[in-house]
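What follows is a set of notes on a single structure, which appears directly below.
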């Protein structure tokens, strides 16, 4: 293949393109690539700020430690439980809500606007709100349950390691479902109505239409939603921080992998090991993304 | 590109990946266990030589202070007084939530941020950040002579003084006299033994209100409540060579008493397991929702403030009843330290000395209800008049009062809280839970102390 010589105009265009793109490239480099590369470098060191004399290059030793770290394994299991409910539950709920809001009814537009409210609430405010709702002494949840005669004494939602994960899942689903539902509604509106008419002529009921028409046409959107929700779930931090007073407790019940990386880096000042955890989490996010692409992307290829 | 070429490329990639993996594994370099650990002597961030006060004029020098939100007196007049007395300008005085400060400090120190000159500190952070080489060591000449020892301990680690205290603090018992009287108890006398305390807590547990409440909802709270119980049972957390004693007889007995208070006697508010700081606990008592707490001295100021259900007449204060000893308590003194990266260390030192000096101490005692850090202020009759609980403080210091601030405080808090919660939730016997915590703590102490 021979290389074509660029004209003066084309060279000028190329220079302008490079010039125009350089601010964005430099910004991304400064805000993303540099920290990333620095984190990778840190992860290759034993670097605990409380042991300043012991800093040394250890190669992949930190990663080998993570593989056998029982705390990381337990945090991974918690992350998995949290993610299953927030990803699959959140997306399923979003599809259900979108389906409901597809039907014409009085006040539908208002309902669609109100749907956005949780998404507009800042994450920290969201955490505080759910903390107040489930407070064992003053919480609305206990008052409501007691008012209905369902409980005799207050439930300590935030003090019970088994219950607090449920509260965390609920607060995350409440916060993120509006975005997922909004994306799903937009995608549903893009499905041509003649497909539904054809399906109806063929005798398909609303349930069959949903399974045979709506869902297959949402596959691309669902893949996107599953990917982004998986990313958010694996990286969840702010709600845990607010709900648990920055501890990931009680009894580490809400210490997910990302929160463990935070504790390791900022509480224990073990920056080398914390960086290795962060890079590992990035690997988990990438692997999860690839999983969804392989699962849903390939099916799409087959179906087409 | 042909199919053959593609498969060859894939194989090549796989081979390259395997080779990279093998190289990676080969690149695992175990840390040199003989490398000296602590001391903060070889790191890039170093305290350097101890700070000696100089006589040079500091007129116009600017300092920035990052404090917790415990003391309002500085913002409400003491900064102005300091500026007038010294000519030093407090360019920035920021108060932040205590629970958020650690991470802010860690981030600023790790970044070698010189924009913060003075930081608030306590026993745990003095040890942690001091060992990291992030706090400026003070020379003996910079330390006032009449500081109370436990308060000075809160700004020291490993025989090195990293700051000066701003107030002293020890937990004592506060009880609601009205609740005690209503339960048929003597409202003016504190229980002297644990059994008496349990009986009083049970007697005052009525109508959904509990006789006792505490704050063990986060790792630091779990540690404090366990440590206090261990001390009350006559134990010590470490031996002289820093070997942990979590699962000692005293530790097990102390934790068992807490579990019994919650489950057997049902006299501890279950919400204790979700209360994450002393400020919330203070409100629980001041609003009359519990009959007794073991809390810091500013409980008195809150309990007697306008808006509180309690008052000076209805709030009792005394020693915490012991389990195996008459009494014991934990220390919560706070102070200020100078960042190693500060470029205004002499001016910062002036602030430290001002905060531990007579003018500031008087206001901290009278307006906020904290104990003074200087012996002279403590012995001043005006102090006792302004803060009656000072009498209890003086009694408390005759009994074991500890905090054990160490560089591994955060790791200990975290691992211990898991086991304390297991015990408090009856998922494990206290002995089993503490044995697990002990086994987890041993290698951590070994890592730092070598």
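Every number in this text was worked out from the coordinates using simple rules, so none of it is lab data. Not measured: the values here are computed from a predicted model. Here the Cβ positions follow ideal geometry from the backbone for every residue, glycine too, while neighbour counts run over all protein chains shown.
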- Task: Sort chain B into rounded, prolate or oblate with this rule: let a ≥ b ≥ c be the square roots of the eigenvalues of the Cα gyration tensor; rounded if a/c is under 1.5, and if a/c is not under 1.5, prolate when a/b is larger than b/c, oblate otherwise.
- Result: oblate
- Task: Post the alpha-carbon centroid distance, region A:187-205 to region B:64-118, in whole angstrom.
- Result: 65
- Query: Ranking A:182, B:135 by Cβ neighbours within 10 Å, fewest first, what do you get?
  - Reply: A:182, B:135
- Query: Ordered by packing density, taken as the mean number of other Cβ atoms within 10 Å over each peptide's residues, highest first, how do B:165-176, A:243-254, B:318-329, B:182-193 rank?
  - Reply: B:165-176, A:243-254, B:318-329, B:182-193
- Item | chain A, helix-only ellipticity at 222 nm - DSSP H runs n ≥ 4, -39,500 (n - 2.57), divided by all residues, nearest 500 | -19500 deg cm²/dmol
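Could you tell me what percent of the DSSP beta bridges with both partners in chain B are antiparallel, to the nearest 5?
Expressed as a percentage, antiparallel bridges in chain B total about 60.
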- Could you work out the per residue convex hull volume over the alpha carbons of the protein assembly as shown, in cubic angstrom? 238
- Item | Taking B:102, B:179, B:263, B:399 and counting other C-beta atoms within 10 Å, the order from fewest to most | B:263, B:399, B:102, B:179
- Query: Residues of A:40-49, mean number of Cβ from any other protein chain within 10 Å of their own Cβ, rounded to a whole number?
  - Reply: 3
- Once Rh for region A:65-303 is found with the Kirkwood sum over Cα pairs, what is the Stokes-Einstein diffusion coefficient at 4 °C and 1.567 mPa s, in µm²/s? 65
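Rounded to the nearest 500, what is chain B's calculated 222 nm mean residue ellipticity when only DSSP H runs of at least 4 contribute -39500 (n - 2.57) each, over all residues?
Working: 18 runs with 191 residues, N = 450.
Per the formula, -12500 deg cm²/dmol.
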- Task: Using a Gaussian network model of chain A whose springs link C-alpha atoms within less than 10 Å, name the residue from A:32, A:85, A:16 with the highest mean-square fluctuation.
- Result: A:16
- Note on the structure: Which of A:144, A:92, A:120 fluctuates most in a GNM of chain A (C-alpha springs under 10 Å)? That residue is A:144
- Query: Among A:277, A:47, A:282, which comes first, second and so on when ranked by fewest other beta-carbon atoms within 10 Å?
  - Reply: A:282, A:47, A:277
- Each label point is 7 Å from the Cα along the Cα-to-Cβ direction; what then is the distance between the points at residue A:217 and residue B:449, in nm? 7.0
- Message: Over the Cα atoms, compute the radius of gyration (one decimal) and Dmax (the largest Cα-Cα distance, rounded to a whole number) for region A:200-304, in Å.
- Response: 19.9, 66
- What shape does region A:31-77 take by its C-alpha gyration tensor, where a ≥ b ≥ c are the square roots of the eigenvalues and a/c under 1.5 counts as rounded, a/b above b/c as prolate, and the rest as oblate? oblate
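Using only atoms on other chains, find how many Cβ atoms lie within 10 Å of each Cβ of peptide B:276-282 and report the average.
That works out to 2 on average.
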- Task: Would you work out if region B:301-417 is rounded, prolate or oblate? Take a ≥ b ≥ c from the square roots of the eigenvalues of the alpha-carbon gyration tensor; rounded if a/c is under 1.5, else prolate when a/b is larger than b/c, oblate otherwise.
- Result: oblate
- Query: Shielding of A:265-274 by partners, i.e. mean partner chain Cβ atoms within 10 Å per residue?
  - Reply: 5
